[in-house]
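**Q** I am attaching a structure below and will ask some questions about it afterwards.
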Amino acid sequence: MLWVQVLVNGLALGGLYACIAAGFSLVWGVLNIINILHGSLIVLGGYLAFFAHQSLGVNPFLFAPVAGAITFLLGYLVQRVAINPVMGRPVLMTLVLTFGLNLFLDNAMLAGFKADYRKINLVPPLGVFEIGDIIVPIDRVYATAVGLLLVLALAALLRFTQLGRAIVAVRMDRDAAALMGIDVRRTYAIAFALGTFMAGSAGALLAAIFPISPVSSGGYLGKAFVICVLGGLGSIPGVVVGGFALGVIESYGAMFIGPEHALTLSFLLLLVLLVVRPTGLLGRRGFS
Amino acid sequence: MRELLTLERVSRRFSGLLALEDVSVSLRQGEIVGLIGPNGAGKTTFVNVVSGVLKPTSGSVTFLGRAIGGLRPDLVARAGIARTFQIVQPFPLMTVRENVAAAALFAGGVPTREEAGREADAHLAFCGLTREAETPAASLTLAGRKRLELAKSLASRPKLLLLDEVNAGLNAAEIDDALRLISEIAGRGITVLLIEHLMKVVSRSCSRLLVLHQGRLIADGATANVMQDQQVIEAYLGQRYARLQKESET
Amino acid sequence: MLVRIGIGLAFVTAAAALLAFGDNYVLRLATTVAMYATLAVAWNIVGGFSGYPSFATAAFFGLGAYAGGLASVAGAPIVGAWIGAGLITAVFATLLGFAILHLRGHYFAIGSLVVADVLREVTNSWVSLTGGGMGLNVPLLGGSTGTQAKIFFVAMALVAVVAVLVSLWIDRSRLGVALRCIEQNEDAAQVIGVDTRRAKVAGFAVSSLLTGIAGAIYASWVSYIDPSDVFDISLSVKPIIMALLGGVGTLAGPVIGAFAFLGLEELIWRNSLEFHAGFLGILVVLLVLFLPGGLGALRGKGAVSWILGRFGRSRK
């Protein structure tokens, strides 16, 4: 029965993890940029939710899209000002650039919010479901549900709206898209901003369950990496599969070697995957 | 005459698509052979398999008695097979001379950089690139880049030279120059496989013609005969034309 | 040639002056500069010469630090410990290289980045060997603080000089040509007979050897190391920034960049401790945004020569 409990614990985070990674995957897949800033934006979203809850009593699960909207604007700005000029430059440059941006944001948050961990304490606390002997924390279920919803919304946007199709077109062939009249620069900016939207929302959801601090930004970035490589870059189904897979792997990992090693286990897995099958479990190209 | 390169029932599959199917052919030393076929026939796949860029899905490739199917491209190059690329692949920021010297240094087996430089000069002179020797490869015109590809492949000291669409994008005068160089190369004892999809280019320079169509070798023989071959005409120009052709002959 | 000798003499004179007159603080700073210059030059062999964006510097540094530190604890003579640490790091890098050097671009960068993290965690957990999070105490070199400061400065400076010489030697050798071909067009390199895998691994191994030795000297120098200190990601990123500052792929660039960067860092650090990292972040962003554009800039002039060039132009 313990095995099932551990499994459920992992699955209960799957949708949330998918939300963490979806934005990262989108930016990587469409702009070919690894956004090191992603982890910090997640933390920022968490803080926004924390303060919204503390001062206005807003429910973080409902606040998630709002946090996302704020990080959306921030992301759009950052992309137009700092990232657009380096589009198409070597990997080294874009990585160092987003690393610099991340350093700045992390430091700003540390200076502003201090390094102490904050946690949203919902009143009344949500408690748990009980299915037989299995305990399912309700906050995780909500977070996963909202997370999944956001991911599906993103997928729908990409599939059914003109904007979405523009993004996919630019991803597949930038020049052809330009020839068809698509404003490539604006599309890149929006795609990036959508990525940061997902980050902020994910952060808000995370804050409802876990304590947050600027110190944890690297950890979330790491999870996003691993999920992308696990599930395969550039596909929503990949991100979902990767998210649930990581949740389960971390859960069992925590059981065997302790929760403090969870991230390292993920990284080890990442390394093995990179060596053996960098295209991930679903191994697809193109964004759908 | 020695058998230089032998393909025996070579096939190459790309997740469902059979780019090469059961190809068997032997090239003999000193030949200038043309490999033609419509677009998508498998010509570049053929070159890729022989040069080690791709592994054959089945069948064997033998060069000078040695099995080379699936061997790494750099080892194939050192064994004596050189190839050019359809979309020219220089080292863009290195000078023209450095490009050629690099080929001499590695595939050509030249021991020192100085010697490689001297060899490069000789190959550049042969290909008419001496004037551009110190300019970055990226600044060459298309014709210049094609000649650079040729010079690099010669610097590899090949016994077999695979020229993949070396004439694509060149005007008539440039093509003349290229063909002249090729016959001079053959005169030095290097076996040449000229991959083309222009019939007239190939008919001028090749004594023997191979025709690929949808991955299969449909003709292999003296140029004049192959060009009259019914199947070949059908493959290139379609069955209606072939029928019309036949009707006009009777 | 004459210019090179002149510069070399200038460095030697400066070093001698430092040894004779410098106080411990200045000597410490100079040792740090030498250390980072080594890391930047070593990184440049992989990141600059062959164009593979390596973030593995922290992994090699930390590994060298612990290997050297543990060897010293076990009683090995200090220089032997340093060199041994370098060799162990090189062996590790060779194995790692075979595993991840077939990856390109982002995948390689991430793979190399993640290795440091994994190594850090392993070191953290292997408490019986390394002391884990409580750190490792490395035997002190005897003598006064002043003498120690001088000795470590000389050691680090020597390693930096060796690094530059090695870098120069590679640049002139067949390996150098191979790496440059790989950087320009890896597929074409293979076709002209370059054994790309062996060349890349060789570059990786040499780079890690130098980095590992620097790490081992660091361990002896500070005499107390812990995993989050020696596997810190900034050890991977700072050398890259230095190379970008001074000119990636060039010979002197990483050294110039190390001086420039650490000079800037001293300036910033003196003024704001709390926002130190933030300012560095801004610096990095500006650096990348204003570095002369295009792939050409990646191998060639760095920000320093570009800035100096601008000053030159405005004088005319």
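The values are calculated or read from the model by the stated rules, or taken from the named source; none is laboratory data. These numbers come from a predicted model, not from an experiment. For neighbour counting, all protein chains shown are included, and Cβ atoms are generated from backbone atoms with ideal geometry for every residue, glycine included.
**Q** Please determine, by comparing only the residues of region A:152-172 that are of a type outside the set (A, V, I, L, M) and in a helix (DSSP H, G or I), which one is surrounded by the fewest Cβ atoms within 10 Å (Cβ to Cβ).
**A** Initially, region A:152-172 is screened for residues of a type outside the set (A, V, I, L, M), giving A:159-162, A:164-165, A:171.
Imposing the further condition that a residue be in a helix (DSSP H, G or I) reduces the set to A:159-160, A:162, A:164-165, A:171.
On the way: A:Arg159: 13, A:Phe160: 10, A:Gln162: 8, A:Gly164: 19, A:Arg165: 15, A:Arg171: 22.
Per the criteria, the residue is A:Gln162.
**Q** Every residue in region B:50-67 that is within 14 Å of B:Thr6 (Cβ to Cβ) and within 14 Å of chain C (Cβ to nearest Cβ), please.
**A** The answer is B:Val50, and nothing else.
**Q** What's the number of the only condition in (1) of a type outside the set (A, V, I, L, M, F, W, C); (2) assigned to a loop (DSSP other than H, G, I, E, B); (3) at negative phi that B:Gly40 fails to meet?
**A** B:Gly40 satisfies all of (1) of a type outside the set (A, V, I, L, M, F, W, C); (2) assigned to a loop (DSSP other than H, G, I, E, B); (3) at negative phi except (3).
**Q** Continuing with the same structure: Quick test of your reading of the structure: A:Leu103 fulfils all but one of (1) touching a residue at least 60 places away in the same chain (Cβ under 8 Å); (2) hydrophobic (A, V, I, L, M, F, W, C); (3) in a helix (DSSP H, G or I); (4) under 30 Å from A:Ala254 (Cα atoms). Name the failing condition by number.
**A** (1)
**Q** Taking interchain pairs and intrachain pairs at least six residues apart, which have beta carbon atoms under 9 angstrom, with the first residue in region B:209-238 and under 19 Å from B:Asp164 (Cα atoms) and the second aromatic (Phe, Trp, Tyr)?
**A** Once the first residue is under 19 Å from B:Asp164 (Cα atoms) and sits in region B:209-238, its partners that are aromatic (Phe, Trp, Tyr) give B:Leu210/B:Phe46; B:Val211/B:Tyr236; B:Leu212/B:Phe46; B:His213/B:Tyr236.
**Q** Out of the residues in region A:185-237 that are of a type in the set (Ser, Thr, Tyr) and surrounded by fewer than 24 Cβ atoms within 10 Å (Cβ to Cβ), which is farthest from A:Met87 (Cα to Cα)?
**A** First, pick out the residues of region A:185-237 that are of a type in the set (Ser, Thr, Tyr): A:187-188, A:196, A:201, A:213, A:216-217, A:220, A:235.
If we keep only those that are surrounded by fewer than 24 Cβ atoms within 10 Å (Cβ to Cβ) as well, we get A:187-188, A:213, A:216, A:235.
On the way: A:Thr187: 13, A:Tyr188: 9, A:Ser213: 31, A:Ser216: 28, A:Ser235: 21 Å.
Step by step, filter region A:185-237, then rank; the result is A:Ser213.
**Q** Let me ask something additional. Search region B:83-93 for residues being facing chain C (nearest Cβ under 8 Å) and in contact with a strand residue (DSSP E or B) (Cβ under 8 Å, 6 or more places away or on another chain), and hand back the single one that is surrounded by the fewest Cβ atoms within 10 Å (Cβ to Cβ). Before you say what the answer is, go through the steps one by one.
**A** Step one: filter region B:83-93 for residues facing chain C (nearest Cβ under 8 Å), giving B:83, B:85, B:89-93.
Those left that are additionally in contact with a strand residue (DSSP E or B) (Cβ under 8 Å, 6 or more places away or on another chain): B:83, B:85, B:92-93.
Details: B:Arg83: 27, B:Phe85: 21, B:Pro92: 17, B:Leu93: 20.
Of everything passing the filter in region B:83-93, B:Pro92 is surrounded by the fewest Cβ atoms within 10 Å (Cβ to Cβ).
**Q** Moving on. From the set of residues in region B:53-88 that are among the hydrophobic types (A, V, I, L, M, F, W, C) and either assigned to a loop (DSSP other than H, G, I, E, B) or at pLDDT below 90 (or both), which is nearest to B:Ser15 (Cα to Cα)? Break it down stepwise before answering.
**A** Residues of region B:53-88 among the hydrophobic types (A, V, I, L, M, F, W, C): B:53-54, B:61, B:63-64, B:67-68, B:71, B:75-77, B:79, B:81-82, B:85, B:87-88.
Checking which are either assigned to a loop (DSSP other than H, G, I, E, B) or at pLDDT below 90 (or both) leaves us with B:53-54, B:64, B:68, B:71, B:85, B:87-88.
Working: B:Val53: 17, B:Leu54: 14, B:Leu64: 31, B:Ile68: 23, B:Leu71: 21, B:Phe85: 24, B:Ile87: 24, B:Val88: 27 Å.
My answer is B:Leu54.
So that you can scan it fast, the table gives a plain yes or no per residue for (1) facing chain A (nearest Cβ under 10 Å); (2) surrounded by 24 or more Cβ atoms within 10 Å (Cβ to Cβ):
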residue: C:Gly47; (1), (2): yes, yes
residue: C:Leu63; (1), (2): no, yes
residue: C:Gly97; (1), (2): no, yes
residue: C:Tyr107; (1), (2): yes, no
residue: C:Leu136; (1), (2): no, no
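**Q** Say we look at region B:107-128 and pick out the residues that are crowded, with 23+ Cβ neighbours inside 10 Å and free of Cβ contacts under 8 Å to residues at least 40 places away in the same chain; which of these is farthest from the other protein chains (Cβ to nearest Cβ)?
**A** So the residue we want is B:Leu124.
**Q** If you check B:Thr45, B:Thr84, which single one turns out to be more than 16 Å from C:Gly193 (Cβ to Cβ), under 16 Å from the mean Cα position of the chain (by Cα) and polar (S, T, N, Q)?
**A** Details: B:Thr84 fails: more than 16 Å from C:Gly193 (Cβ to Cβ).
Result of the check over B:Thr45, B:Thr84: B:Thr45.
**Q** Looking at region A:44-82, which of its residues are buried (at least 18 other Cβ atoms within 10 Å of the Cβ), more than 23 Å from A:Phe210 (Cα to Cα) and of a type in the set (A, V, I, L, M)?
**A** Within region A:44-82, A:Leu74, A:Val78, A:Ala82 qualify.
**Q** Okay, moving on. Given the condition surrounded by 19 or more Cβ atoms within 10 Å (Cβ to Cβ), without any contact (Cβ under 8 Å) to a residue 12 or more places away in the chain and under 18 Å from C:Asp117 (Cα atoms), answer yes or no: does some residue in region A:271-280 qualify?
**A** Checked against the condition, which is being surrounded by 19 or more Cβ atoms within 10 Å (Cβ to Cβ), without any contact (Cβ under 8 Å) to a residue 12 or more places away in the chain and under 18 Å from C:Asp117 (Cα atoms), region A:271-280 yields at least one hit.
**Q** Could you say whether any residue in region C:273-296 is in a helix (DSSP H, G or I), more than 9 Å from chain A (Cβ to nearest Cβ) and under 26 Å from C:Met156 (Cα atoms)?
**A** No - not one qualifying residue is present in region C:273-296.
**Q** Can you say whether C:Ser125 is within 14 Å of another protein chain (Cβ to nearest Cβ) and in contact with an Asp or Glu (Cβ under 6 Å, 6 or more places away or on another chain), as far as the supplied structure shows? Can you show your working first?
**A** Working: within 14 Å of another protein chain (Cβ to nearest Cβ): yes; in contact with an Asp or Glu (Cβ under 6 Å, 6 or more places away or on another chain): no.
No; evaluated as a whole, the condition is false for this residue.
**Q** Is it fair to say A:Ser216 is assigned to a helix (DSSP H, G or I), touching a Cys at 6+ places or on another chain (Cβ under 8 Å) and hydroxyl-bearing (Ser, Thr, Tyr)? If you could, list the steps in order and put the result at the bottom.
**A** On the way: assigned to a helix (DSSP H, G or I): yes; touching a Cys at 6+ places or on another chain (Cβ under 8 Å): no; hydroxyl-bearing (Ser, Thr, Tyr): yes.
No, not satisfied.
**Q** So, one more: All but one of (1) closer than 16 Å to C:Ser208 by Cα; (2) more than 16 Å from the chain's Cα centre (by Cα); (3) surrounded by 21 or more Cβ atoms within 10 Å (Cβ to Cβ) hold for C:Ser72; which doesn't?
**A** (1)
Conditions tested, residue by residue: (1) over 18 Å from C:Phe92 (Cβ atoms); (2) in a helix (DSSP H, G or I); (3) hydroxyl-bearing (Ser, Thr, Tyr); (4) out of contact with any Pro (no Cβ under 8 Å at 6 or more places or on another chain).
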{"site": "C:Gln148", "(1), (2), (3), (4)": "yes, yes, no, yes"}
{"site": "C:Met156", "(1), (2), (3), (4)": "yes, yes, no, yes"}
{"site": "C:Val166", "(1), (2), (3), (4)": "yes, yes, no, yes"}
{"site": "C:Arg197", "(1), (2), (3), (4)": "no, yes, no, yes"}
{"site": "C:Leu209", "(1), (2), (3), (4)": "no, yes, no, yes"}
{"site": "C:Ser228", "(1), (2), (3), (4)": "yes, yes, yes, yes"}
{"site": "C:Val237", "(1), (2), (3), (4)": "yes, yes, no, yes"}
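**Q** Report, by residue number, each residue of region A:83-110 that is aliphatic (A, V, I, L, M), surrounded by 19 or more Cβ atoms within 10 Å (Cβ to Cβ) and at the interface with chain C (Cβ under 7 Å from one of its Cβ atoms).
**A** Those that are aliphatic (A, V, I, L, M), surrounded by 19 or more Cβ atoms within 10 Å (Cβ to Cβ) and at the interface with chain C (Cβ under 7 Å from one of its Cβ atoms): A:Val86, A:Val91, A:Leu92, A:Met93, A:Leu95, A:Val96, A:Leu97, A:Leu101, A:Leu103.
**Q** Going residue by residue through region A:173-180, is there one that turns out to be surrounded by fewer than 23 Cβ atoms within 10 Å (Cβ to Cβ) and in contact (Cβ under 8 Å) with a residue 40 or more places away in the chain? Working first, answer last.
**A** The initial filter retains those residues of region A:173-180 that are surrounded by fewer than 23 Cβ atoms within 10 Å (Cβ to Cβ), namely A:173-180.
Filter once more, so that each one left must be in contact (Cβ under 8 Å) with a residue 40 or more places away in the chain: none.
Within region A:173-180, none of the residues are surrounded by fewer than 23 Cβ atoms within 10 Å (Cβ to Cβ) and in contact (Cβ under 8 Å) with a residue 40 or more places away in the chain.
**Q** Would you be able to tell me the number of residues in region C:190-205 that are small (Gly, Ala, Ser) and at the interface with chain B (Cβ under 8 Å from one of its Cβ atoms)? Steps first, answer last, please.
**A** Looking only at region C:190-205, we keep the residues that are small (Gly, Ala, Ser), and these are C:193, C:199, C:202-203, C:205.
From what's left, at the interface with chain B (Cβ under 8 Å from one of its Cβ atoms): C:193.
Matching residues across region C:190-205 total 1.
**Q** Condition first: surrounded by fewer than 22 Cβ atoms within 10 Å (Cβ to Cβ), more than 9 Å from chain C (Cβ to nearest Cβ) and either under 22 Å from B:Gly144 (Cβ atoms) or in contact with a strand residue (DSSP E or B) (Cβ under 8 Å, 6 or more places away or on another chain) (or both). Can you find one or more residues in region B:94-105 that meet it?
**A** Step one: of region B:94-105, the residues surrounded by fewer than 22 Cβ atoms within 10 Å (Cβ to Cβ) are B:94-95.
Retained after the next criterion (residues that are more than 9 Å from chain C (Cβ to nearest Cβ)): B:95.
If we keep only those that are either under 22 Å from B:Gly144 (Cβ atoms) or in contact with a strand residue (DSSP E or B) (Cβ under 8 Å, 6 or more places away or on another chain) (or both) too, we end up with B:95.
So far as region B:94-105 goes, yes, one or more of its residues are surrounded by fewer than 22 Cβ atoms within 10 Å (Cβ to Cβ), more than 9 Å from chain C (Cβ to nearest Cβ) and either under 22 Å from B:Gly144 (Cβ atoms) or in contact with a strand residue (DSSP E or B) (Cβ under 8 Å, 6 or more places away or on another chain) (or both).
**Q** Would it be correct to say that A:Ser25 is more than 14 Å from every other protein chain (Cβ to nearest Cβ), polar (S, T, N, Q) and out of contact with any Lys or Arg (no Cβ under 8 Å at 6 or more places or on another chain)?
**A** no
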